Amino acid sequence: MGSEVSISTLVERGLCSSCGACAAVCPFSAIEFPEPYSLPRVIDSRCRLCGLCYRVCPQVDIVDEVKERKIKPLATYMARSTLAEIWDVAQCGGVVTTLAMYLLDKGFVDAVVSVSRDEYWHPVPKLITEKSRILEIAGSKYTYVSVLTLLRDVVRTDAIRSVAVIGLPCHMRAIERMRRLKLATSQKVKYLIGIFCMHNFEYSVVKYIVEKFGLDIKSISKMDIKRKFIVKLVDGRVLEVPLKELDQFVRACCRNCPEFVSTIADVCVGSVGAEEGWSTVFVMSERGREIVESAVRDQYLEVKELPEKAMKAVTKLTSMKVRSKW
């Protein structure tokens, strides 16, 4: 299946995670995202039903594709950034932001594809080419975002020869499908940095929290998930919302996804099982091992042994996600 089909049916069934892959690969510019966090719209007058968008969609046949994959990291660590400028703005140990900075600083890549936000917590896809701008992508946003649309710009920019992509398991699967099809949108992707993911939320979750607590949206400094949805404010207050209460903002695509840790990424990072101020890191490929070990050697990261309880915590969440789908 795939020819004479577009992603419209998936969108109608709530199975779209707004990863942006469909818009990135469409040869007719027939798919657009009105907002980076919205669902895609197919422009019927341009669409030729070539099926390419459907073939790269990470939600198609997801259970069959993922169920045979085993999480077998080459190495595991607890890690944190050594860079003072990252500590105050990054999530947990600041590992993802630090790896992005390291890859640019040392010339491993020419650009980083990731997500920033504006002052209203709207997620904003960002193509970063300068180390000085890396802090723009620090911290988790927890909302759907079409970050892979940036791969169109990567293809069109001759000065960019290689990129690192930071994303969730669905973003990683989409890039894997592009690679199988040998599409131009994947040819410059050199490194994949994955983030642990139980599920994402509609942007309207931010509005809900603001109204629930009577907040000025600009007063939110950080969001986190640790058994509850945690909102930190600039005045130091910390607010908590039960995750069950926010279930209404989770799309069917997330309920249908069995993948907590990406087996496709070179490095996967999350907070599960890590000590406060540290991140759990899974090295998933030799390429990932190279950049983590180099970042440690060059004193961008510090690492220590991942405790057994952390591995058990990741295994438990992975099993929970898998069992809920099969």
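Observations on the structure shown:
- Within region 59-76, the residues that satisfy the criterion of being open to solvent by less than 40 Å² (accessible area, probe 1.4 Å) and more than 21 Å from CYS16 (Cβ to Cβ) are PRO73, ALA75.
- Scanning region 137-166 for residues that are of a type in the set (A, V, I, L, M) and in contact with a strand residue (DSSP E or B) (Cβ under 6 Å, 6 or more places away or on another chain) yields a total of 10.
- Of SER285, SER262, SER204, all but one fail to be among the hydroxyl-bearing types (Ser, Thr, Tyr) and open to solvent by 30 Å² or more (accessible area, probe 1.4 Å); the exception is SER204.
- Filtering GLU245, GLU275 for residues that are more than 20 Å from the chain's Cα centre (by Cα), closer than 30 Å to ALA75 by Cβ and open to solvent by 40 Å² or more (accessible area, probe 1.4 Å) leaves a single hit, GLU275.
- Residue satisfying condition, being open to solvent by 60 Å² or more (accessible area, probe 1.4 Å) and either touching a His at 6+ places or on another chain (Cβ under 7 Å) or modelled with pLDDT of 95 or more (or both), within set GLU4, GLU32: GLU32
- Here VAL303 passes the criteria (1) at pLDDT 95 or above; (2) assigned to a loop (DSSP other than H, G, I, E, B) except the one numbered (2).
- The listed residue being over 30 Å from LEU10 (Cα atoms) and part of a helix (DSSP H, G or I), out of MET101, MET78: MET101
- Single match in GLU119, GLU136 (criterion: surrounded by fewer than 18 Cβ atoms within 10 Å (Cβ to Cβ) and outside any helix (DSSP H, G or I)): GLU119
- Scanning region 42-58 for residues that are closer than 24 Å to ILE175 by Cα, among the hydroxyl-bearing types (Ser, Thr, Tyr), open to solvent by less than 10 Å² (accessible area, probe 1.4 Å) and not in a strand (DSSP E or B) turns up nothing.
- Exactly one residue among LEU104, LEU127, LEU99 is among the hydrophobic types (A, V, I, L, M, F, W, C) and either more than 24 Å from THR185 (Cα to Cα) or crowded, with 24+ Cβ neighbours inside 10 Å (or both), and that residue is LEU99.
- Filter result for VAL154 (open to solvent by less than 10 Å² (accessible area, probe 1.4 Å), outside any strand (DSSP E or B), over 23 Å from PRO40 (Cβ atoms) and modelled with pLDDT of 95 or more): no
- Test for LEU192: is it in contact (Cβ under 8 Å) with a residue 12 or more places away in the chain and open to solvent by 20 Å² or more (accessible area, probe 1.4 Å): no
- Only residues that are under 15 Å from the mean Cα position of the chain (by Cα) and hydroxyl-bearing (Ser, Thr, Tyr) were counted in region 149-192, giving 2.
- Meets criteria (without any contact (Cβ under 8 Å) to a residue 60 or more places away in the chain and of a type outside the set (Gly, Ala, Ser)) for GLU176: no
- Considering region 7-33, and only residues there that are part of a helix (DSSP H, G or I) and under 9 Å from LEU148 (Cα atoms), the residue that is nearest to the chain's Cα centre (by Cα) turns out to be ALA21.
- Subset of region 167-183 (residues that are surrounded by fewer than 24 Cβ atoms within 10 Å (Cβ to Cβ) and either part of a helix (DSSP H, G or I) or basic (Lys, Arg) (or both)): GLU176, ARG177, MET178, ARG179, ARG180, LYS182
- Failed item in (1) out of contact with any Asp or Glu (no Cβ under 6 Å at 6 or more places or on another chain); (2) of a type in the set (D, E, K, R); (3) touching a residue at least 40 places away in the same chain (Cβ under 8 Å), with GLU276 passing the rest: (3)
The values are calculated or read from the model by the stated rules, or taken from the named source; none is laboratory data. Everything numeric here is computed off the predicted structure, so don't read it as measured data. Glycine also receives a Cβ, built like all others from the backbone with ideal geometry; neighbour counts cover every protein chain displayed. When the accessible area is computed, the model is the full protein with side chains, heavy atoms only, and any ligands, DNA or RNA have been set aside. Shrake-Rupley method; radii C 1.70, N 1.55, O 1.52, S 1.80 Å.
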